[in-house]
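Student: For reference, the structure I am asking about is given below.
The values are calculated or read from the model by the stated rules, or taken from the named source; none is laboratory data. Just so it is clear, the structure is predicted and the values come from calculations on it, not from any experiment. Cβ atoms come from the backbone with ideal geometry, glycine included; neighbour counts cover every protein chain shown.
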């Protein structure tokens, strides 16, 4: 084993777990999921079949990752946040062949207690505020909050709110990277 798993974690056969990953108390890793290198899976986390996590993904306590979810590298999932995978669930109607896919792109952060309604991708380095309910796709670098979530600004790759000048340029105060706002989208220069 090239990863750490607490003795109370349940890891089913048929999953792939990368080198240096840590899986903590009472978490359940189900078959056919892929977890990359250097990930941290907090306590009481469920990773359902066929979920894919890239490298260096941080999953805080009490998170549920259901089938249909894919997180790219460097994603942060805050405590007790949740993904859905069926848009119209009913207990008596079996829809296991109708899971909607949700992709969380590289470097995105999702705050505590947020809910991501399935089928809505989260863009690179997007920042989802605590308690937000995401009901539509989120652009790269977007800052969204509320229920339903609405965009209120833009974030740098270091997690700082960007303030754009009249020419549409902003500088991250920590990294000093320059960003450009153009036609309703942000890119790092």
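Student: Mind checking which residues of segment 94-104 are modelled with pLDDT of 95 or more and either over 16 Å from residue 51 (Cβ atoms) or not in a loop (DSSP other than H, G, I, E, B) (or both)?
Tutor: Correct list: 102, 103, 104.
Student: All but one of (1) in contact with a strand residue (DSSP E or B) (Cβ under 8 Å, 6 or more places away or on another chain); (2) surrounded by fewer than 17 Cβ atoms within 10 Å (Cβ to Cβ); (3) in a loop (DSSP other than H, G, I, E, B) hold for residue 152, so report the exception by its number.
Tutor: Only one criterion is unmet by residue 152, namely (3).
Student: Now, a different point. Could you figure out which of (1) over 12 Å from the mean Cα position of the chain (by Cα); (2) crowded, with 18+ Cβ neighbours inside 10 Å; (3) over 24 Å from residue 22 (Cα atoms) isn't true of residue 68?
Tutor: Going through the list (1) over 12 Å from the mean Cα position of the chain (by Cα); (2) crowded, with 18+ Cβ neighbours inside 10 Å; (3) over 24 Å from residue 22 (Cα atoms), residue 68 breaks only (3).
Student: From 107, 111, 146, which residue is out of contact with any helix residue (DSSP H, G or I) (no Cβ under 8 Å at 6 or more places or on another chain), exposed (fewer than 15 other Cβ atoms within 10 Å of the Cβ) and at pLDDT 95 or above?
Tutor: 146
Student: Right, next: Taking residue 143 and the conditions (1) within 29 Å of residue 48 (Cβ to Cβ); (2) in contact (Cβ under 8 Å) with a residue 24 or more places away in the chain; (3) assigned to a strand (DSSP E or B), which numbered condition does it fall short on, given that it satisfies the others?
Tutor: Condition (2) is where residue 143 drops out.
Student: Follow-up question, since we're still on this one. Looking only at segment 75-93, filter to residues that are assigned to a loop (DSSP other than H, G, I, E, B) and under 15 Å from residue 41 (Cβ atoms); which one of those is nearest to the chain's Cα centre (by Cα)?
Tutor: Within segment 75-93, the match that is nearest to the chain's Cα centre (by Cα) is 75.
Student: Return the total of residues in segment 24-41 being surrounded by 18 or more Cβ atoms within 10 Å (Cβ to Cβ) and more than 18 Å from residue 73 (Cβ to Cβ).
Tutor: Total meeting the criteria: 4.
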